[in-house]
């Protein structure tokens, strides 16, 4: 099958850019805060190795705009990115640029050089100079403000020819191509605030260089959630993105992500975040309306056929359905909240302010080595601890092979936490070597064998005894062996309570990846792996566990698979990455996406209040002697408010599945510390 020319160009661009995509970011970073969010996102993507920020140019006049950009660049560890300011720009006041003047004592809270001993360059000469140095057909220009700088570039001597030679595409946040609140002639701000420049762009931009328009509706369909602003930036005492957002919008409003969507498309044109209109041409009316004219003969055009000259095919605009919108929103959040990679240990600065949620105190009980989802889940935990969302207290293994715990030790060393306590099962299941446990020998670690590690039950008792009452969440993503034995444990030097009473006193919730609560491949009696490998322990724990339990069943993990594309493209920050190496060794066939069973349990354990999942009614899980799990709900006639029972299981619809998959992908693939 022959690919359409547009898609073929995208794939060629992706293949050609295994190395970072060079970006010029043209912004009116003065008014709305989405520009600041988009710049932070670009830095996170640069930390991941996906892009290189060549220059930032500014298309609104405000004396604090360049210093603010410089402060953001410095905060993210790139103080030397060239900054340019356009000429003859309209002035714009700002609610948040004054942050750059904030001091703590005699020092600036957000250090920067611009405006004090260093001045911004002129935008168009900077763009010309930057393009001249670039490889042919390589640069993505992301324009998320007025078109003043780009219009001046196109009319500058040699500018249009240089664009045609060096620029791969223009991603522009402007216009409205769908009905907005019943209005078919919505006048979008980036156009109407400087109509002549947008008309110049639409008329003069080279026909051979694609233009992708992210219209007004895209940004309002995937708003940035206020909950993220409230909770996700606590890894740093004063985060400029959070403070800018609060100054602009306050704590009670979600904000459209107009500018962020243009960034997302430019860096990931082949990840199906968006659909696209048919090819056509955008024109800008004299009153500022952006009109899209499809190529004649396309489904939206006339029946009259055309030879489709280049000039009629330059433009497309982004589209997305509900599932894509949920996925896009999640991607944007995960990239914006990512800590700057140059921070040695961002979580070490975390201290929850009054009213802020404390990090989830987490114990991770895993059968590391039997499937690679355990490794992905542990990578997630390290990322979430970097963000101050959780505190990993201990890890216990239920896989009874000597290399399981050394692999955990190597993994923790790789992610910069070599001192996390580790415990090994005694007389447990699956004593065979896993497909990737042996990689422990390829990375630094201290424990040479699980036999040298503390007994898992003893470590669980020690860990729980040292924590506040009802404070610990346990994520069990392997067999039930360790926790069942914990319940039967006797008082010891760590606690004078028996195991049952210790759990009841210290554990807030157990989140377990096990069982199946919906039809699996047309079968209603699916016997899930984590249960059947140690049925006596599974039955004992299910009967006796004294605290609330949430079950992430087999059906959840298979509904949100981890993408192979991420494995191939998102772990290039290390020449030898323990997680990528493990995934490739485990997966039997190239290109296979893997279920995210263990990752979903971790996601719920750390973020139970983010609506990633729905929860079943409260009830009771029973386990048959063959390992089949049954959920007994409360009586149908009982009012919801009287529903009781220890157990609930996760449920998600297709839109939630798209969002969950994106969250798992971006959290698990967030870079480990600098090698």
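Structure data summary
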{"item": "Value of relative contact order over the chain, rounded to a whole percent, pairs C-alpha under 8 Å and six or more apart", "result": "11"}
{"item": "Where only C-alpha atoms are counted, convex hull volume of the chain per residue in Å³", "result": "183"}
{"item": "In nm, spacing of pseudo-spin labels at residue 575 and residue 101 (7 Å Cα→C-beta vector)", "result": "4.9"}
{"item": "Tilt relative to the chain, helix 456-465 - C-alpha long axis, 0 to 90 degrees, to 10", "result": "70"}
{"item": "Part-to-part distance (alpha-carbon centres) for the stretch 111-180 and the stretch 537-610, which is given in Å", "result": "41"}
{"item": "Calculated Rg and Dmax of the stretch 360-668 using C-alpha coordinates, Å", "result": "18.4, 60"}
{"item": "For the stretch 104-182, the spread of Cα positions along each principal axis, largest first, Å", "result": "49, 44, 21"}
{"item": "Extension gain from residue 178 to residue 496, taking 0.36 nm per residue of separation minus the Cα-Cα distance", "result": "107.8 nm"}
{"item": "Ranked 320, 500, criterion: other C-beta atoms within 10 Å, fewest first", "result": "500, 320"}
{"item": "Cα-based convex hull, the stretch 137-282, per residue volume (Å³, whole number)", "result": "149"}
{"item": "Calculated over the stretch 580-675: convex hull of Cα atoms, volume per residue (Å³)", "result": "172"}
{"item": "For 505, 129, order by how many other beta-carbon atoms lie within 10 Å, fewest first", "result": "129, 505"}
{"item": "Degrees separating the helix 654-668 axis from the principal Cα axis of the chain, which is the longest one", "result": "90"}
{"item": "Nearest-ten-degree value, helix 123-133 long axis tilted from longest Cα axis of the chain", "result": "70"}
{"item": "Footprinting exposure proxy for 217, 103, 19 (fewest neighbouring C-beta atoms within 10 Å first)", "result": "103, 19, 217"}
{"item": "Ellipticity estimate at 222 nm from DSSP helix runs (n ≥ 4, -39,500 (n - 2.57)) divided over the chain, nearest 500", "result": "-10000 deg cm²/dmol"}
{"item": "Two-site label geometry, residue 358 and residue 52: point separation in nm, points 7 Å out along Cα→Cβ", "result": "4.7"}
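None of the figures in this text is laboratory data; all of them are computed from the coordinates on show. These numbers were taken from a predicted model, which means no experiment stands behind them. Every residue, glycine as well, gets a Cβ built from its backbone with ideal geometry; the counts of neighbours run over all protein chains shown.
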